[in-house]
Structure formats: structure tokens, C-alpha cells
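Have a look at the structure below before the remarks.
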Amino acid sequence: MAAGLPCSCARVNSQTMLTATSIDDFLAAPEADALREIPESARREVASRVLAALHEDLGVPIAELEADDAHGWLLHAVPERFAPSDPLVPHVAPVISAWLAFAARASGATLTAFRKACAEILPELGDALEHGHHHAHHPQAVQSYVRETPKIGRNDPCPCGSGKKAKKCHGISGDGAR
């Protein structure tokens, strides 16, 4: 074994860097048993891309992942690593689900909020992967202000009925409404 590389049976901790060893640990873990129907090379490639998206784009240690991180990872970072025509797309969600269970057990962190947020976002991820990354934030349109009564211009007659221009009657003097 090369110096500096952790043993393949080493426990994954909150500071784990993405390595071939950490992917091997994940793929050999009981949580990855559900992935056995996916070919070995496909499992490895999907895990590599998905975990690279997590590590390179979020850069947050596993134990510090929060619910807000799920959105950026699953709807921005992961779709950028898969083309809609990529044959690996159908395997992404199962690999992510298995990895979440593995990460929670192996890191010693519960990751409850992060895992719940991921579970809620996974259906949207499937759509983003199949149709390309079309996820966008849709801020609510700003409602324009609508006056209850028409605005009175400076040269319009004053609404008090004096017959004077508004600017000479109530507009400037400050003793009336404008």
C-alpha cells in the first residue's frame, strides 16, 4: 500500500477526502448491497462523479452537511456531471440513496436533516438529469405599486375644490393632503 493512503478498511470520518479508497469502502459497505444489479463499473463511475460533486463543489466535511447543502449538491453540482443522454443517469438516485446511508453510519454523524432534504429533492434530481440541468430559482415577481386614487399632478386642480392649482393650494404649503 502506498504511503499516506488510508487502509481500505479505515473508518470514514468527517474530514474524508474523496479517494479511490473511500469509494471502495462505500461500494463494499452493506448499504451498497442494493446496488448489486448495477454493473460494477457503472456503480464506481456514478459514485465517483456524485462524490466529486459533493467534495469539489460543496467542500463541506461530511459531519457538517446541513439541509441547505442538499439543494446545491443535488440540483446544481450533480446535474453538471451528467449529460441527459448519459447511460449512467438512471443509476444516480440509487447510488446517492445508498451513499447517504453509508455516510451516516461511517461518519458517526446522523445527518438527519441532510438526508431528509436529499430524499425530498431526489425526484426533482431525476427530472434535472433526464432533461438536462434546467433547475432555476424562480423569485416571485415583484408586485408593482397600484394607487387607490389617481396621482394629483402639480398643475392639476387641487382636490379640495378651491379651483387653484395643487402646487399653489395644498401641494407646497404643507397644510393639506397631497
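Quick notes
- Selection status of Ala128, assigned to a helix (DSSP H, G or I), out of contact with any Phe, Trp or Tyr (no Cβ under 7 Å at 6 or more places or on another chain) and more than 13 Å from Ala53 (Cβ to Cβ): no
- A single entry from Glu120, Glu124 fulfils the requirement of being at pLDDT 85 or above, out of contact with any strand residue (DSSP E or B) (no Cβ under 8 Å at 6 or more places or on another chain), open to solvent by 100 Å² or more (accessible area, probe 1.4 Å) and acidic (Asp, Glu): Glu120.
- If you filter segment 2-45 down to residues that are open to solvent by less than 40 Å² (accessible area, probe 1.4 Å), assigned to a helix (DSSP H, G or I) and of a type in the set (Gly, Ala, Ser), you find that the one that is modelled with the lowest pLDDT is Ser22.
Let's see how each residue does on (1) assigned to a helix (DSSP H, G or I); (2) aliphatic (A, V, I, L, M); (3) under 18 Å from the mean Cα position of the chain (by Cα); (4) surrounded by fewer than 16 Cβ atoms within 10 Å (Cβ to Cβ):
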{"position": "Asp68", "(1), (2), (3), (4)": "yes, no, yes, yes"}
{"position": "Trp73", "(1), (2), (3), (4)": "yes, no, yes, no"}
{"position": "Pro87", "(1), (2), (3), (4)": "no, no, no, yes"}
{"position": "Ala93", "(1), (2), (3), (4)": "yes, yes, yes, no"}
{"position": "Ala98", "(1), (2), (3), (4)": "yes, yes, no, no"}
{"position": "Ala104", "(1), (2), (3), (4)": "yes, yes, no, no"}
{"position": "Thr110", "(1), (2), (3), (4)": "no, no, no, yes"}
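- Of everything listed in (1) open to solvent by less than 60 Å² (accessible area, probe 1.4 Å); (2) out of contact with any Lys or Arg (no Cβ under 6 Å at 6 or more places or on another chain); (3) more than 29 Å from Leu58 (Cα to Cα); (4) modelled with pLDDT of 85 or more, the single unmet condition for Lys164 is (1).
The values are calculated or read from the model by the stated rules, or taken from the named source; none is laboratory data. Not measured: the values here are computed from a predicted model. Cβ: placed from backbone, ideal geometry, glycine included. Neighbour counts: every protein chain shown. Keep in mind that these areas ignore ligands, DNA and RNA; they rest on the heavy atoms of the full protein, side chains included. Shrake-Rupley method; radii C 1.70, N 1.55, O 1.52, S 1.80 Å.
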